[in-house]
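Throughout, read-outs are computed from the coordinates displayed, never taken from laboratory work. All values derive from a computational prediction rather than experimental measurement. FYI the Cβ positions are ideal-geometry reconstructions off the backbone, even for glycines, and counts take in every protein chain you see.
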Amino acid sequence: MWDIHSQTKMKLAILEKYLAAWATILKERSDVLYYIDGFAGPGWYNDPETKTKVAGSPIRAVQIYVMHKKDKGWKYELRFINVEKDSTTFQELQKETSKFEKDAKITNIEGEFLDNLDKILCEIEGYNSFFFMDPFGISGIEFDQLTNVLKRPKTEIFIKFSYNEFQRCLGQLKNCDDPDKTTRNKARKTIERVSRMMGIETEHLSFLQELFDNLEKEEGYLATYLNNLRKCKRFVYPFKINFPGSQRTFYYLILLTDNITGLKIMKDIMYAEEHRELRQLVLFPEKRPIDFLADEFTSHYSGRSVPYNRILEDWLPISQYINGADYLEKDVRDALKLLELRHHVRPVKKSGYKYPLYVFKG
Ligand SMILES: C[S@@+](CC[C@H](N)C(=O)[O-])C[C@H]1O[C@@H](n2cnc3c(N)ncnc32)[C@H](O)[C@@H]1O
């Protein structure tokens, strides 16, 4: 059994909370939902601190479902598809998930996620689905091969971008023109792998490498990847996980959704988890600039009537890593309240609508 580390605990806590919220919302619309764990692992970890067993992603997902069914009496069916490439790990996964056979329909597939994707897409056809893609490194999530999932309607995706591994592979850029053929070929192969994962040309990778410092480079690579993902889904939002006790990026967890409610919930969950984990760099600064956001609203929406959700759609996808600011729904509400007090905006409640329309002064 693998040992669990603090960053994995945080990853699993975010996944678990979001999955519970996702199922809670979608159970109203769909009798059957699917959870697909593309890189499932063995199902359990060992916690060396507490000397206890801690559930990994495929077991956590099924536990949430069982809990919903038993404690809350929810009637929807959540089905599970887990893919695992390593045969020993797969056997552990089989053994662990078999304990839930009576409670849920669980299909375990031994093999590579991408090799099994067509089969999975056939099975989940038409149903709302949540994909978790959590590889160790950068292989197995090649952009072009993923597009059928990324563009699929009724689909939310939580994908890991292993920045540390990505950066290590990029180190091979300097060897791409090495006089030694073996070194050169090895380097070129690695760089091709990186560009296939990102869905960009190798020249673009070298171009970004010319950027000023490591921080600029990281922003450049992350922005490039996010922009590619945004061609497939409306909202794409990253959350950074650092190495324990350090400010160095380990990986990004990226949510892809077409639904602003999904993004809103995910940001609240990430914010709460980040503040629980003190070793983590604070993504959302303690004092977010509400005055600044209110001024932005005034200049952006001057003289217009804007639905509340439209305002969320404009401001929640902003990410601190790229744009230098990051807002939660609460910040948007606070900024609107501030503008109401200043008589710069007037909320108008319309019958049949959950949220008001905001009428901004010209
Ligand atoms: C980071 S671990 C997954 C951990 C798991 N998501 C959890 O949180 O409990 C990645 C797993 O993916 C498996 N794997 C690696 N490449 C794969 C591929 N192409 N397709 C499916 N599984 C793969 C590895 O053997 C490993 O068990």
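Could you name the lysines whose alpha carbon sits less than 23 Å from that of LYS354, not counting residues in the same chain fewer than 8 places away? In chain and number order, the partners are LYS27, LYS154, LYS264, LYS267, LYS330, LYS337.
Each residue of the stretch 190-195 is assigned a 3J(HN,Hα), and the resulting list reads 4, 5, 5, 4, 4, 5 Hz, derived from the Karplus form 6.51 cos²θ - 1.76 cosθ + 1.60 (θ = phi - 60°), x at Gly and Pro. Per-residue packing, averaged as other Cβ atoms within 10 Å, sorts the ranges 53-64, 187-198 into the order 53-64, 187-198, beginning with the highest.
At a 10 angstrom cut-off on C-beta neighbours, averaged per residue, how do the peptides 321-333, 205-217, 6-18 rank from highest to lowest? All intermediate terms of the calculation are to be shown ahead of the outcome.
On the way: 321-333: 16.9, 205-217: 13.1, 6-18: 19.3.
Highest mean packing first, the order is 6-18, 321-333, 205-217.
Comparing mean-square fluctuations of PRO179, PRO307, PRO238 from a GNM of the chain with C-alpha springs under 10 Å, the top value falls on PRO179. Basic side chains Lys and Arg get +1 at the Cβ, acidic Asp and Glu get -1 at the Cβ, and with that the dipole of the stretch 154-295 about its Cα centre reaches some 600 debye. Please state the shape class of the stretch 290-360: rounded when a/c is under 1.5, otherwise prolate if a/b exceeds b/c and oblate if not, all from the C-alpha gyration tensor. Verdict is prolate for the stretch 290-360. Cross-link pairs exceeding 22 Å between alpha carbons, from the set LYS11/LYS53; LYS70/LYS99; LYS174/LYS233; LYS105/LYS233: LYS174/LYS233; LYS105/LYS233. Our helix-only sum for the chain, with -39,500 (n - 2.57) per DSSP H run of n ≥ 4 divided by its residues, gives a mean residue ellipticity at 222 nm of -14500 deg cm²/dmol.
Taking a ≥ b ≥ c as the square roots of the eigenvalues of the Cα gyration tensor, the chain is oblate, since a/c reaches 1.5 or more and a/b is not larger than b/c. Once the Cβ-Cβ distance of ASP295 and ASP258 is raised to the sixth power relative to R0 = 30 Å, the FRET efficiency obtained is 0.50. Under a model in which nothing but the beta-carbon of Lys, Arg (+1) and Asp, Glu (-1) is charged, the chain shows a dipole of about 1200 debye around its Cα centre.
The residue among SER206, ASN116, THR261 whose Cα reaches farthest toward the positive pole of the charge dipole of the stretch 2-276, with charges on the beta-carbon of Lys, Arg, Asp and Glu, is THR261. Between LYS354 and GLU216, the contour length at 0.36 nm per residue exceeds the Cα-Cα span by 45.5 nm.
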